[in-house]
Structures are given as C-alpha cells and as structure tokens.
Amino acid sequence: MADYEVDYSEVAGRKVDCPEGCGMCCLCQPEVLPEERQFFKASHPRSLVKVRDPEPHTALALKKGCGSCVFLNGRRCDVYEHRTAYCRQFPYHLYASDRLKVELDLSCRGVWTGTGNDALAEAKDLVARASDRIVAALEQSKAVYREFYANCRESGVMSDPSRIRMTVSENASMFTDLAYLSRIMDMVEIEPVMSLSGLQPETRLDLPSLEEAGRELAMDSMSSDDPLNVPVYCDGKWNWNMFMASNGRIRWNVMDDEGDLHEMGSADAGEIALRVPDAEGSKVLSGYVGTLNGRDSFLGNVFSMMDLNEYRDDMANAYYGCLSVSVMDLLWRMSMLDHFMGVGNGAEGMREAVIFYDMDRLDAPTIGAFV
Ligand code: SF4
Ligand code: SF4
C-alpha cells in the first residue's frame with residue numbers, strides 16, 4: 001500500500017454531478033498516458049497530437065485546433081468507455097506538494113447542484129487508480145518543497161504556513177471587505193512582516209484605484225485572441241463564453257460545438273464599474289476565500305511567486321497579498337458578468353464569478369504539480 005498523506009477536506013461532504021449538455025471540461029486537451037495510447041492509435045490515429053508545454057506529451061486533438069476535444073459530439077463523448085484518466089478525473093485535481101491534496105474545480109457546474117455522486121468516495125477511487133503517478137510526483141514535489149523552505153530560511157522570509165492559514169481563517173471577513181482589502185494591499189507593500197492583528201480598515205476608500213487594480217488583473221488573464229488561452233465561463237444554459245481583452249476593450253464571444261466563435265457584445269473595460277457583493281454574495285465569497293485558504297495549490301502558487309521574486313517578500317506578506325489580489329480579480333469578474341449578463345451582486349452573481357474564475361485559479365503557476 002502506498003504510504004503518503006492525502007487531504008480530502010475540500011471534497012468531504014460534497015456531491016458531484018455531471019448534468020447533460022455541459023461539456024465544458026472537454027474544451028481542454030487531455031494528456032493521453034502511455035498505457036492509453038494504443039486504443040487511440042489503433043482506432044483513431046488522427047486524434048493524437050504532440051504538445052510541447054509545459055512538458056512534451058501526447059494529447060487528444062481539438063476541433064479546428066482551438067475548440068472542444070474532437071470526440072465531443074452533441075455534448076457527449078464518443079469514446080466514453082475509453083476516455084483518458086484526466087477526463088475521468090475532472091472536476092477533481094490531485095495536487096502534489098509535500099503531501100497530496102484533492103481539490104475540486106468549482107468551474108464545473110456539476111459541483112454546485114448538491115446532487116450526484118459522493119465526492120469523497122469518487123476522490124478516493126481516483127487516488128487509488130493514480131497511485132503510481134502520485135508516488136512519482138510526490139518524490140519530486142517533496143524535494144522541491146524542501147529546497148523552497150531552505151531558501152526561505154536562508155533569505156529570512158520563512159513563516160509557518162499553518163499559522164498564516166489559521167490567521168486568515170480567523171480573520172476571513174477582512175478578505176471580503178473592500179476597506180480591509182485595500183489596507184492589506186497597502187500594508188503588504190509597506191510592512192516588512194505583515195500582521196493582520198489590530199489592522200484597521202481604510203477610512204477613505206480610493207475606489208477608482210481599487211477598480212483599476214481589479215480591472216488590470218482580470219484584463220491580464222483575458223488578454224489574448226487565442227480561445228485556447230482565455231478563461232471559459234460556462235453559463236447556466238451551457239454556453240461556452242469566452243472574454244477576450246485587447247487595447248482596453250473586452251469582446252464577449254460564445255464558442256459553438258464546431259469551434260467557431262460568435263461575438264455577443266463588447267465593452268470598454270473602463271465602462272464596467274466595480275460591484276461589491278451584497279450580504280448573501282459576501283457569504284459565497286467568504287466560503288470561496290476559505291476554500292482558497294485550504295488549498296495547497298494556492299499556497300504553491302504563493303511560493304512560486306516568492307521564488308520568482310527571489311525571496312524578497314516575507315511569506316505572510318506574499319500570502320495575504322496573493323489572497324487580496326484573487327478577491328479583487330473575482331469581484332471585477334462578477335462586475336463584468338453583471339455588465340454583460342445581469343447576474344447581479346448577490347449569491348448568484350458571486351457564484352457565477354467563482355465558476356468563471358476558479359479554473360484560472362487552479363491553472364496558476366505553482367512549485368508543486370497536478371498529477
Ligand atoms: S464541467 Fe463538470 S458538469 Fe460540465 S461536463 Fe465536465 S464534469 Fe460534467
Ligand atoms: S475524450 Fe471524451 S471526455 Fe475526454 S475530453 Fe474528449 S470528449 Fe471529453
């Protein structure tokens with residue numbers, strides 16, 4: 001039996017369904033593992049392509065090179081019994097750091113239905129099936145984490161990650177309140193070692209600069225003309241919405257099943273005002289902040305930024321900064337969805353923003369690895 005620690009806390013108590021008509025997760029290009037290649041080579045040789053990034057591997061081809069997987073037909077999989085391990089895994093992500101954490105992709109609408117299969121049982125089954133890959137990934141990721149912590153100690157920026165997370169969970173409301181968020185974003189730049197205790201909210205909120213910060217972050221992630229590189233938002237009617245930003249303008253497109261884009265509207269980013277969630281929206285946001293705070297991949301992303309910045313930032317500053325930035329990005333996306341589609345700023349608007357945002361969050365660079 002494999003000997004490694006697995007954290008299932010993100011999936012425990014949840015149910016996962018896969019309602020008909022979605023197909024959003026088939027807009028990706030799943031890797032084909034060596035043991036899976038034979039089936040595709042023999043039956044569908046033109047469905048395999050070589051992909052260079054992040055590591056060279058074999059994957060399934062996309063319709064027109066940018067649409068859904070070639071096997072998606074009427075939003076159903078033509079090779080369902082032979083779909084890849086990665087297809088089976090979605091919406092679960094297995095993240096290797098110095099342990100294994102099972103995370104749930106909240107961009108999948110099937111995780112919000114409250115119906116379907118028991119997520120914990122499904123996750124345990126997936127972990128058992130991926131055991132060999134997990135052992136190999138953990139061997140590498142544990143070494144990377146050891147080196148990372150040694151670099152932090154040497155540079156004097158080491159803090160205890162569990163304490164940081166505990167502080168965030170004790171002060172979660174600070175991360176859902178603009179007046180505190182603004183103060184945190186200022187303080188992480190000023191204070192050598194940031195502390196949340198005794199922090200006072202901003203008394204005179206500079207809304208235009210907060211709006212600008214959120215807009216810049218969201219625009220960055222949408223700034224591409226290539227549908228493969230922009231975030232997808234699958235709405236409640238199963239439309240695959242893609243927002244593409246260039247020169248300060250956002251084009252809203254819907255991709256059809258053949259891989260063609262249809263423009264639905266556009267706006268100057270400056271026309272979109274930052275919306276603040278109402279009381280019910282704040283509850284959804286608070287739940288999401290808790291999820292991010294519990295995710296090892298979020299921590300791994302903070303660590304990757306510290307590494308990129310050559311260990312200049314204290315770990316607590318980097319963590320609080322990254323969490324605040326995520327919330328700003330999320331709020332602006334809710335504002336954008338509201339502008340184009342009228343989702344509002346309540347529980348529904350916030351939930352739709354999480355659905356839109358979470359895929360990007362899980363795609364963020366990290367020092368660990370998704371198995
Ligand atoms: S994104 Fe979720 S609901 Fe949609 S097809 Fe994939 S697993 Fe099913
Ligand atoms: S093989 Fe099937 S399940 Fe996997 S991405 Fe393609 S259509 Fe979707």
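The values are calculated or read from the model by the stated rules, or taken from the named source; none is laboratory data. Source: prediction; values computed, not measured. FYI the Cβ positions are ideal-geometry reconstructions off the backbone, even for glycines, and counts take in every protein chain you see. Heavy atoms of the whole protein, side chains included, go into the accessibility calculation; ligands, DNA and RNA do not. Shrake-Rupley method; radii C 1.70, N 1.55, O 1.52, S 1.80 Å.
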> Regarding residue 318, is this residue out of contact with any strand residue (DSSP E or B) (no Cβ under 7 Å at 6 or more places or on another chain) and among the small types (Gly, Ala, Ser)?
Replying inline: yes
>> Return the residues of the range 11-38 that are more than 16 Å from ligand 1 (Cβ to nearest atom) and either among the acidic types (Asp, Glu) or surrounded by 15 or more Cβ atoms within 10 Å (Cβ to Cβ) (or both); say none if nothing qualifies.
In response: 31, 32, 35, 36
> What is the one condition in (1) of a type in the set (A, V, I, L, M, F, W, C); (2) open to solvent by 60 Å² or more (accessible area, probe 1.4 Å); (3) in contact (Cβ under 8 Å) with a residue 40 or more places away in the chain; (4) in a loop (DSSP other than H, G, I, E, B) that residue 205 does not satisfy?
Replying inline: (3)
> Within the range 80-99, restricting attention to residues that are away from ligand 1 (no atom under 14 Å from the Cβ) and in contact (Cβ under 8 Å) with a residue 40 or more places away in the chain, which residue is surrounded by the most Cβ atoms within 10 Å (Cβ to Cβ)?
Replying inline: 96
> If the Cβ limit is 9 Å and pairs must be 6+ apart or interchain, which residue in the range 13-29 that is under 15 Å from residue 92 (Cβ atoms) and within 8 Å of ligand 2 (Cβ to nearest atom) pairs with which residue that is among the aromatic types (Phe, Trp, Tyr) and open to solvent by less than 60 Å² (accessible area, probe 1.4 Å)?
Replying inline: 25/90; 28/90
> Taking the range 79-122 as the search range and keeping residues that are near ligand 2 (Cβ under 8 Å from one of its atoms) and among the β-branched types (Val, Ile, Thr), which one is farthest from residue 57 (Cα to Cα)?
Replying inline: 79
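Have a look at 110, 116, 74, 67 and point out the one that is more than 20 Å from residue 360 (Cβ to Cβ), within 23 Å of the chain's Cα centre (by Cα) and in contact (Cβ under 8 Å) with a residue 24 or more places away in the chain.
116
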>> Which condition from (1) modelled with pLDDT of 95 or more; (2) under 22 Å from residue 237 (Cα atoms) is the one that residue 97 breaks?
In response: (2)
> Does residue 111 fit the bill of being of a type in the set (Val, Ile, Thr), in contact with a strand residue (DSSP E or B) (Cβ under 9 Å, 6 or more places away or on another chain) and open to solvent by less than 70 Å² (accessible area, probe 1.4 Å)?
Replying inline: yes
> Can you name every residue in the range 100-124 that is within 10 Å of ligand 1 (Cβ to nearest atom) and assigned to a helix (DSSP H, G or I)?
Replying inline: 109, 110, 111
> Which of (1) closer than 27 Å to residue 236 by Cβ; (2) out of contact with any Gly (no Cβ under 6 Å at 6 or more places or on another chain); (3) within 15 Å of ligand 2 (Cβ to nearest atom) does residue 41 not meet, given it meets every other one?
Replying inline: (1)
> Which residues, counting only those in the range 63-78, are near ligand 2 (Cβ under 8 Å from one of its atoms) and in contact with a Leu (Cβ under 9 Å, 6 or more places away or on another chain)?
Replying inline: 68, 69, 70, 71, 72, 78
>> Return the residues of the range 129-187 that are open to solvent by 20 Å² or more (accessible area, probe 1.4 Å) and not in a helix (DSSP H, G or I); say none if nothing qualifies.
In response: 156, 158, 159, 160, 171, 177
> Restricting to the range 52-79, what's the tally of residues that are surrounded by 15 or more Cβ atoms within 10 Å (Cβ to Cβ), within 16 Å of ligand 1 (Cβ to nearest atom) and of a type in the set (Gly, Ala, Ser)?
Replying inline: 2
> Looking at (1) open to solvent by less than 40 Å² (accessible area, probe 1.4 Å); (2) touching a residue at least 24 places away in the same chain (Cβ under 8 Å); (3) of a type in the set (Gly, Ala, Ser), can you tell me which one residue 224 breaks?
Replying inline: (2)
> Only one residue in 369, 347, 318 is of a type in the set (A, V, I, L, M) and farther than 28 Å from residue 163 by Cβ, so which one is that?
Replying inline: 347
